[in-house]
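S.K.: After the structure tokens below, expect a handful of questions from me.
Please treat every number below as a calculation from the coordinates, not as lab data. Fair warning: this is a prediction, and the values are worked out from it, not measured in the lab. In this analysis, Cβ positions are derived from the backbone assuming ideal geometry, glycine residues included, and neighbour counts consider all displayed protein chains.
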Amino acid sequence: MRNKWIGMRWLMFAVLAWNAPAFAAKAAPTAAGAQQYLAAMAQQVTTKVFFVDGSGRVNYVTGRYTGQVRTIKGRAFGKQKESVTTLPEQVVEKKVSDIHASVLEAIDAYGRPTACATRITEVAAPPYDETKSDAGNDTRAFSFTLTYKDEQWKYEPLTKFTTPAQVIDWSNVRVVRVSPAAVTVVSNGQAFAQVELAYFANDPDAADQIEYAMKFLALSCNANAAKGF
Amino acid sequence: MRKHWAAGALACALIATLPATLVAQTPASTTAQPSSTDQLAKWGLYARLVGQTMKSAGAEGFTVRWRWETPGEVLLEEWYRGTVVTDKPSYTGTFRLGAEPGTFLLKSSAMLGKEWLGTLQDDGSVNFVGKGLLKMPFRVRIDDQGIYEMADAKGRTIERYAAITEPATPVAVAETPSPSPAPAPAPKLEPVIASAPTAPAPAKKPAPVVAKQAPSPPAPPIKSPRRLSEAELAFIGQSVQKSRASSIEQARQAELAAQEASRKFQLEYQASLAEYARREAENAQAEAEFEAERAQKAAAWQQQAQASEQALADSMQRLRDTTANIQAQQAAAQARQRAQADAQAQAERQRQVELIRQANQRQEDEAARLVAQRQQYEQQRAAAQAAETARQQQQQRGAGDVAGAGRASTDTDANRCVSGAEVRENDTTKGNTAAYVSNGCGTPVAMKICLMTESGWKCGVNFGVQPQASWSFSAFHATGPVFVDAKPAASNRALASP
């Protein structure tokens with residue numbers, strides 16, 4: 001409820017800010033308020049996070065492929081014979097396509113609370129480990145062979161992107177309006193070369209407010225900013 | 001999602017102690033102690049942790065210190081980044097006893113003051129579950145080496161902390177009822193070799209050791225936002241408006257480009273369709289031509305095939321006709337041969353019958369001559385009747401001989417009045433040979449025909465061959481020799497055998 005109220009208050013300010021600068025000045029927006037607004041909006045609109053490593057790979061995880069084949073052979077008369085074959089392990093990799101930020105906090109890379117940094121504390125994504133099961137049946141006049149193949153692709157957990165948590169340093173960011181309803185902030189990461197946090201708002205007005213908050217933070221936290229954003 | 005939750009547990013375990021603000025941090029005495037053993041029991045493992053400072057077992061991480069804010073009532077868990085314990089912790093968790101025995105309330109200085117409810121477990125560990133929607137469960141315990149361990153809900157270790165200062169013993173907590181807080185001991189600012197933990201670690205076990213680490217580079221000063229001027233705020237607003245307009249223009253351009261691309265695509269698609277239709281028409285025409293040619297060829301081929309079939313049928317018919325003609329000619333030839341053979345046989349039979357008749361005639365003539373001769377002898381005997389008894393007897397004996405000869409001739413004449421055996425192959429049964437004999441006698445005769453075969457003589461008997469009739473006997477694998485015996489049907493003589 002508190003976040004909602006903060007968000008509403010910031011929204012009101014953001015709407016009035018460029019329509020009525022005098023009122024904006026009286027309202028005295030703060031960077032902490034902008035932080036809370038962005039954190040609250042992360043809960044309300046769709047976000048996406050792109051962790052770009054030094055090789056330019058986005059949301060890149062590696063994993064391991066394992067599998068086994070269970071074969072049951074039998075005849076019309078007599079005992080069945082079962083054998084299990086382990087498939088050779090393989091190193092696999094993939095790009096996790098849909099990582100979104102679920103918890104954002106105004107904490108810098110050293111764990112210190114500050115309005116000039118946003119820590120991506122928690123992210124979420126649909127399950128991306130994969131499993132596959134196949135069954136085969138080769139039945140003949142007096143014999144049969146049943147084959148069960150189980151395969152797993154298990155990748156690094158999402159903690160790869162939050163341990164340590166990546167932090168957006170608002171003193172050195174680039175804010176990009178990628179579409180009328182989407183805004184992205186690009187920052188250098190710590191464990192990753194670059195971190196991008198994108199908000200996909202429901203309408204251009206909401207995107208305006210998000211962009212305003214981002215630029216407010218960028219300008220507030222960078223004394224030498226050339227206002228070029 | 002489970003993996004994510006495991007990560008969340010890690011996060012929550014650390015975040016649980018994040019302060020919302022540092023303003024509230026008021027260094028309090030760390031020497032204040034609870035006043036009874038009940039307090040020790042109530043606080044569980046935290047009673048052992050009070051006064052301790054621990055360092056993350058990892059190369060990096062936090063240093064954590066436990067101290068009383070209000071002895072026996074409020075316990076602070078202070079987190080410091082790195083190994084340096086300053087007067088301002090990075091994060092703080094505040095513990096209070098819960099309403100129920102064995103429960104704790106943990107309030108984080110982070111996450112807008114999120115709270116957890118902890119429950120003391122039988123094994124001494126404490127399970128924490130967050131209040132509200134985000135449960136973020138985690139568990140803490142002290143292992144047998146005195147290591148403070150944090151784990152997620154599934155028991156997977158998140159972080160381990162080893163002591164780096166002399167811990168306060170639980171006994172001291174219980175035995176120091178001093179209500180007045182004492183100054184906290186100054187924390188050691190540099191990493192040191194850890195001292196042995198308190199019980200229940202076995203005395204002989206080596207104390208956990210934290211490697212001596214090089215001091216981390218000092219963190220840069222915290223950046224603080226500055227207050228923006230009215231002009232800057234206006235600039236931001238204008239920038240946002242400009243950005244929005246630009247993005248809308250870009251979107252419009254993109255839409256136009258998409259429409260143009262779509263139009264081009266449609267044109268290309270239409271052109272492709274036309275081209276496709278043209279090719280289809282060409283293909284159809286080519287197909288039709290090909291089909292017509294194929295039909296023409298098929299018709300020609302069919303015609304040829306029919307002609308060939310007709311020719312073949314005609315040829316077959318001619319062959320059949322020829323075969324039939326040949327067979328007819330062969331049959332006619334065979335019929336002629338049979339007719340000739342029959343005629344010859346008939347002629348032969350007639351000749352033989354004639355010969356038999358002539359023989360019979362001769363016999364009759366001979367018999368008549370003999371009768372006349374006997375009559376002559378009778379006359380002669382009558383003439384010399386009395387005188388010459390011996391001569392009469394001799395004459396009578398001679399007459400008896402003549403009579404006997406007549407009887408004998410009757411029996412033997414049957415062989416004279418039958419024709420000789422005519423041997424020929426059976427027309428209908430291959431390998432079968434038949435011997436034909438005709439009865440040229442005036443009376444029925446009994447007839448026996450024997451044929452020599454590869455396995456010996458084969459004989460047949462007919463006791464009633466009528467006059468002028470013919471009888472045959474056949475056998476397989478005949479070798480040639482034929483034996484015939486005949487007698488009058490009324491004769492008692494046995495037919496002879498070869």
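S.K.: Between B:Lys88 and A:Ala135, what FRET efficiency follows from the Cβ-Cβ distance if R0 is 56 Å, with the result rounded to 0.05?
M.R.: Working: r = 62 Å, r/R0 = 1.11.
Efficiency computed from Cβ-Cβ geometry: 0.35.
S.K.: I've got another one for you. For A:105-116, what's the mean count of beta carbons from other chains sitting within 10 Å of each residue's beta carbon?
M.R.: Shielding by partners across A:105-116 averages 6.
S.K.: Which pairs, out of A:Lys154/B:Lys154; A:Lys132/B:Lys135; B:Lys55/B:Lys107; A:Lys95/B:Lys223; A:Lys94/B:Lys135; B:Lys55/B:Lys131, put more than 25 Å between their alpha-carbon atoms?
M.R.: A:Lys132/B:Lys135; A:Lys95/B:Lys223; A:Lys94/B:Lys135; B:Lys55/B:Lys131
S.K.: What ranking do B:80-92, A:65-77 get when scored by the average of other Cβ atoms within 10 Å per residue, highest first?
M.R.: Highest to lowest by the protection proxy: B:80-92, A:65-77.
S.K.: Using label points projected 7 Å from each Cα along Cα→Cβ, tell me how many nm separate B:Glu364 and B:Val74, to one decimal.
M.R.: Simple spin-label model gives 17.8 nm for this pair.
S.K.: Within a 10 angstrom radius of each residue's Cβ in A:172-179, how many Cβ atoms of other chains show up on average? Whole number is fine.
M.R.: Rounded to a whole number, the mean comes out at 3.
S.K.: Looking at region A:121-197, what % of the alpha carbon pairs are farther apart than 19 Å?
M.R.: 63
S.K.: From a point 7 Å beyond the Cα of B:Gln468 in the direction of its Cβ, which residues of region B:316-352 have a backbone N at a distance under 13 Å?
M.R.: Residues passing the 13 Å test: B:350.
S.K.: Shifting gears a bit: Hey, any idea what Rg/Rh is for region B:48-109, computing Rh the Kirkwood way over Cα pairs? Provide the component values of the computation, followed by the final result.
M.R.: On the way: Rg = 12.4 Å, Rh = 12.3 Å.
That ratio equals 1.01.
S.K.: Give the share of C-alpha pairs in each 10 angstrom bin for region B:407-498, from 0 to the last occupied bin, in whole percents, shortest bins first.
M.R.: Bin by bin from 0 Å, the calculated values are 19, 50, 26, 6, 0.
S.K.: Please compute the average number of Cβ atoms from other chains found within 10 Å of each residue's Cβ in peptide B:241-249.
M.R.: Average per residue, whole number: 5.
S.K.: Here is a follow-up. Hey, could you pull the Cα Rg and Dmax for region A:2-221, both in Å?
M.R.: 25.6, 94
S.K.: Taking the Cβ-Cβ separation of B:Phe265 and B:Gln303 as r and a Förster radius of 60 Å, what is the calculated FRET efficiency to the nearest 0.05? Before the final figure, lay out the partial values.
M.R.: Working: r = 54 Å, r/R0 = 0.90.
It comes to 0.65.
S.K.: Angle between the Cα long axis of helix A:204-221 and the longest principal axis of chain A, 0 to 90 degrees, nearest 10?
M.R.: That helix lies at roughly 70 degrees to the long axis.
S.K.: Still on this structure, I have one more. For B:Ser224, what charge total do you get from the other residues with a beta carbon under 12 Å from its beta carbon, if Lys and Arg give +1 and Asp and Glu give -1? Please list the in-between numbers first.
M.R.: Numbers: positive: A:Arg112, B:Lys223, B:Arg226, B:Arg227; negative: A:Asp108.
Counting the neighbours of B:Ser224, the net charge comes to +3.
S.K.: Another question about this same structure. What distance in nm lies between label points placed 7 Å from Cα along the C-beta direction at A:Tyr110 and B:Arg279?
M.R.: The modelled label-to-label distance comes out at 6.9 nm.
S.K.: Ranked highest first by the average count of other Cβ atoms within 10 Å around their residues, in what order do B:439-449, B:145-155 fall?
M.R.: In decreasing order of mean packing, B:439-449, B:145-155 become B:439-449, B:145-155.
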